[in-house]
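Down below is the structure, laid out as structure tokens.
The numbers here are math on the coordinates, done by the rules we state, and not lab data. Keep in mind that what you see is a predicted model, and the values were worked out from it rather than measured. With ideal geometry, Cβ positions are generated from the backbone for all residues, glycine too; neighbour counts draw on all protein chains shown.
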């Protein structure tokens, strides 16, 4: 949800026509928002969003929403959505703090806090950071992680190394509450060498179902079935 | 949605336990947010919210959300929600711009509510000292935008806003300078035959009609 450049309202020719449902969709696409995020932007419910965008060519009935869309497209100073950082923006700061910290994710693990710990400290897999930070095929982080990155960055900026250590300690508490060991875990859903502790297989479960589309039944010879 | 102070996480005794559904509910109440606003705050969908609401004693399943709740309750610098102004904060800016731009326009002097997509009389309810009425979420956001435009652009920004409000009113068949509300004008009276009074309630059964399966025949 990094704020892109400000759209040029003149391109939309908004000055000579009322705001329509298509302008709402444009706003959503321009700022790369999800539908719930756009609802927050405009202060409307999901139901209202669906009403307003059902017929995209129709003028927006609510004058408050119409004026707000116009103002957001017209004035850069009218923007109020926060800009959440990418993992690549926060990682160097984290790396610098981690280099100063004596803390490691676990005594047995070699090396200091690094890429592996970065994913776990943000509530994701140990391998997530590799995907987020890949220079060629980087994958975007989810909405909760983007927000957490905002909080993490500001905690590091405001509190420095002690802030990082408080964060690591908290991650340990959350892991322990899930019967996970921060020293060994690679994921928030399972421990290495263990089955998923939070999603046990029901004892009543039968044999595994074959994967894929069920095979077509062999047609029964009507003569044989009749006999 | 003015942000209150950050709650003391020690009061919640969060240090020794994982974040639970009730902590998410507490976060919402503390910051005075709607459900939609809480979903935005945590980057979650409505079903995930309801999961927290229905299982307050269960651990928050998503570790990222759990850490986010803890960080928001623990660190003031982790906050990122915008603080939308009250009408009372923006009204003096509006008044100033109206007096400077249109000193003798009595209609414009009372157009604050209309410029925010509401009735002309709405500010009286918002600005009253005792029990001011709740300002809708869209209006809070418009107040933010209007304040930004007035502070950054002064009277020209105010003029642009009025022109836009006039245009939106015209496109709804309204005259901004005389209207009291954004409600569309009443439709023209229909032909007399159609305006004939319809009887209220369920239409009467015609005389001699079948009743409970009985037939006329």
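The table below gives the values:
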| read-out | value |
| --- | --- |
| Between region B:126-150 and region A:109-185, the alpha-carbon center distance in angstrom | 39 Å |
| Ratio of Rg to Rh over region B:87-170 (Cα coordinates, Kirkwood Rh, two decimals) | 0.94 |
| For A:90, A:56, A:161, order by how many other beta-carbon atoms lie within 10 Å, fewest first | A:56, A:161, A:90 |
| Residues B:49, B:182, sorted so that the one with the fewest Cβ neighbours within 10 Å comes first | B:49, B:182 |
